[in-house]
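> Here it is, the structure, as structure tokens.
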Amino acid sequence: MLKEEQFKKILLDTRALSEKEFDLYLEEAKKRNQAIEEYLVSQKILNEEKLYQLAARHFNLPFISLKNATIRKDILFLIPEPIAATHKIIAFAKTDAELKIAALDPQDLQIFEFLGKKTGLEIKISLTTPESVNEALKTYHKGLQAEFKELTGQEDETESAEGGNKLKELAQDLPVIRIVDTLLEYAIFENASDIHIEPTEKEVIVRYRVDGILRNVMTLPKSIHAGIAARIKILSNLKIDEHRLPQDSRFKIATKEYNVSLRVSVIPTYDGEKIVLRVLNEKTSIISLEQLGFQKRPLEVIKRNMTKPHGLLLVTGPTGSGKTTTLYAVLHILNKPEVNITTIEDPIEYRMVGLNQSQVNPKIGYTFAAGLRAFLRQDPNIIMVGEIRDQETAEIAIHAALTGHLVLSTLHTNDAPTTLPRLSEMGIPAFLVASTCNLIVAQRLVRKICQDCIESYTLTKTEIAKLEKQLDFEEIIKTLKSEGLLTDKQGKESILFYRGKGCKKCNNTGYKGRVGIYEVLEVTSQISDLIIKEAPAKEIEKVAREQGMLPIVEDGFIKAKNGITTIEEILRVTKE
């Protein structure tokens, strides 16, 4: 929030950086299109809290961290949320004469003057960090249940509201509009990937999927279900009086803070229409392969194979395991002016400059296979197919890889070795699979331990016995030793693992954010021979392991030993 010259003066006066260093970092920040403050914090050159403490000293103001502070609702709401969000200011304490405000820019005098007049109190400024302000802004949304009680206080006669006009009126009813807006806004602030609105016999249950796990958010009266359904249908341009057939569509929400695309699916159920909204954040920046959580050796294998001029690169895993994100991290590296990259997707999840992105539309016959055929006449170097779903798409993708194109795609299989026989089962001759496949990456997403409440523990004998039944624990120990995470003398009982205790920051779950666990299989000449012989997946896996492939479970255990995730998470997603 502070201006560039102010930051320079603060950092030079406090001798946190020399002028030469500052100019160097400023140049780097401009290259990345970042503010200097953002660059210094993201590159861990300066800690955010330290930076704002230096600024507080410079302005001769107190510094406050609101990270774990509990702010009374009546004080917080003295500043309306739109003003707090725009000016990045939070009211955190109050006496009869004073109102204490945490701010990022102490020179925003106009707003302080306005608040002084509005509240009739003397305004006392403290400097805080952007993270503190963002955390405090979320508190405005914590009172969601209370807000809904207020909004749903007036019962609507929705049970009888079946006619089209009545539904239209209902969808434009102010409380209904506010309920839907608050539901969507709260989901965006919670970083939910999906919103489920499920009618039961007597009520409506709202659930959010956060970090891959569904959790109940609230229960609403059944009487407002028809209004909510009609409102969402109007937003997404669906038929509001159609209750017997499934419908799907999409709509967008754009504000200064976020730019979100919502995919809507409505299906008829016994108790009414169930609505699921997939939240796609269009402002999400492309993550690098390193940030995705690849180990050093598998990362080298990926980088070696993605620079090959032709062949097939597959990413496999169940729905919602981050396959598209991995493909885009690869495309981000390959995206250069000298290559023509075309993608066909359902839906387009990321927008990237330099790519020709196309959306399938089965209603008009524009399928993955039809798109792929058309692409081959567009002189592409690299083609990305959202998903190989059928034999026709698989055949065209394989032939494109054979005729000098690099083809990237996804497939639904449980691990890397089973992908090869799966392609043969789809009717692709084994010799074609062997000659076109360069690389297969199998992946899952695991929740990361919340770093604010992380604690270490050692496994009990019972837990070790249970793990030995489920996994090849000896092999895992061997891998941990070869990675230098355990000494040769360390026994199973003395290994430190980690978990989250649960705190305010992570909603008492012990987890915050997600990271991938991977299995990277390179198709070498030896593996090719096995494919041609139509060897079973077990045999392919055995040879791949001998050649250095790190199985997905072992990659997970490396991350568990490093305090990134928990053993429970690895078992949950790999279902060993």
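The values are calculated or read from the model by the stated rules, or taken from the named source; none is laboratory data. Treat the numbers as computed from the prediction; the structure is a model and nothing was measured. All Cβ positions, even for glycine, are placed from backbone atoms using ideal geometry, and neighbour counts span all protein chains on display. Accessible surface areas use protein heavy atoms only, side chains included; no ligands, DNA or RNA. Shrake-Rupley method; radii C 1.70, N 1.55, O 1.52, S 1.80 Å.
> Could we say that Glu425 is over 31 Å from the mean Cα position of the chain (by Cα) and open to solvent by 10 Å² or more (accessible area, probe 1.4 Å) here?
yes
> Being of a type in the set (Val, Ile, Thr) and in contact with a Lys or Arg (Cβ under 7 Å, 6 or more places away or on another chain) narrows it down to one of Ile75, Ile64, so name that one. Give the derivation first.
On the way: Ile64 fails: in contact with a Lys or Arg (Cβ under 7 Å, 6 or more places away or on another chain).
Step by step, each of Ile75, Ile64 is checked, and only Ile75 is of a type in the set (Val, Ile, Thr) and in contact with a Lys or Arg (Cβ under 7 Å, 6 or more places away or on another chain).
> To continue, here is another question. Which residues, taken from segment 234-259, are touching a Lys or Arg at 6+ places or on another chain (Cβ under 7 Å) and in contact (Cβ under 8 Å) with a residue 40 or more places away in the chain?
Hits for segment 234-259 are Ile240, Arg250, Tyr258.
> Check Ile383, Ile398, Ile477, Ile388 and return the single one that is within 25 Å of Thr326 (Cα to Cα), assigned to a helix (DSSP H, G or I), open to solvent by less than 60 Å² (accessible area, probe 1.4 Å) and β-branched (Val, Ile, Thr).
Just a single option satisfies the conditions, and that option is Ile398.
> If I filter segment 268-299 down to residues being small (Gly, Ala, Ser) and open to solvent by less than 50 Å² (accessible area, probe 1.4 Å), which single residue comes out as modelled with the lowest pLDDT? Before the answer, list the steps.
Of the residues in segment 268-299, the ones small (Gly, Ala, Ser) are 272, 285, 288, 293.
Filter again for open to solvent by less than 50 Å² (accessible area, probe 1.4 Å), leaving 272, 288, 293.
Working: Gly272: 94, Ser288: 84, Gly293: 90.
By that ranking, first place goes to Ser288.
> Could I ask something else about it? Does Val573 satisfy being open to solvent by 10 Å² or more (accessible area, probe 1.4 Å), over 25 Å from Ala430 (Cα atoms) and part of a helix (DSSP H, G or I)?
Working: open to solvent by 10 Å² or more (accessible area, probe 1.4 Å): yes; over 25 Å from Ala430 (Cα atoms): yes; part of a helix (DSSP H, G or I): yes.
So Val573 passes the test.
> Continuing with the same structure: Looking at Asn438, Asn507, which one is of a type outside the set (Ser, Thr, Tyr) and assigned to a loop (DSSP other than H, G, I, E, B)?
Unique residue meeting the criteria: Asn507.
> Further question: Hey, could you check segment 21-35 for residues that are on the phi < 0 side of the Ramachandran plot and assigned to a loop (DSSP other than H, G, I, E, B) and say which is farthest from the chain's Cα centre (by Cα)?
Ala35
> Among the listed residues Glu541, Glu554, which satisfies the condition of being open to solvent by 40 Å² or more (accessible area, probe 1.4 Å) and either assigned to a helix (DSSP H, G or I) or not polar (S, T, N, Q) (or both)? Steps first, answer last, please.
Values: Glu554 fails: open to solvent by 40 Å² or more (accessible area, probe 1.4 Å).
Testing whether each residue is open to solvent by 40 Å² or more (accessible area, probe 1.4 Å) and either assigned to a helix (DSSP H, G or I) or not polar (S, T, N, Q) (or both) leaves just Glu541.
> In the set Thr419, Thr413, which member is touching a strand residue (DSSP E or B) at 6+ places or on another chain (Cβ under 9 Å), closer than 26 Å to Val515 by Cα and modelled with pLDDT under 90?
Result: Thr413 is the single residue among Thr419, Thr413 that is touching a strand residue (DSSP E or B) at 6+ places or on another chain (Cβ under 9 Å), closer than 26 Å to Val515 by Cα and modelled with pLDDT under 90.
> Restricting attention to segment 24-50, report how many residues are of a type outside the set (S, T, N, Q) and out of contact with any helix residue (DSSP H, G or I) (no Cβ under 9 Å at 6 or more places or on another chain).
5
> Let me ask something additional. Can you tell me how many residues within segment 561-570 are over 20 Å from the mean Cα position of the chain (by Cα) and in a helix (DSSP H, G or I)?
Summing the residues that are over 20 Å from the mean Cα position of the chain (by Cα) and in a helix (DSSP H, G or I) in segment 561-570 gives 3.
> Does segment 462-503 hold any residues that are more than 19 Å from Gly563 (Cβ to Cβ), touching a residue at least 60 places away in the same chain (Cβ under 8 Å) and over 31 Å from the mean Cα position of the chain (by Cα), and which are they?
Glu475
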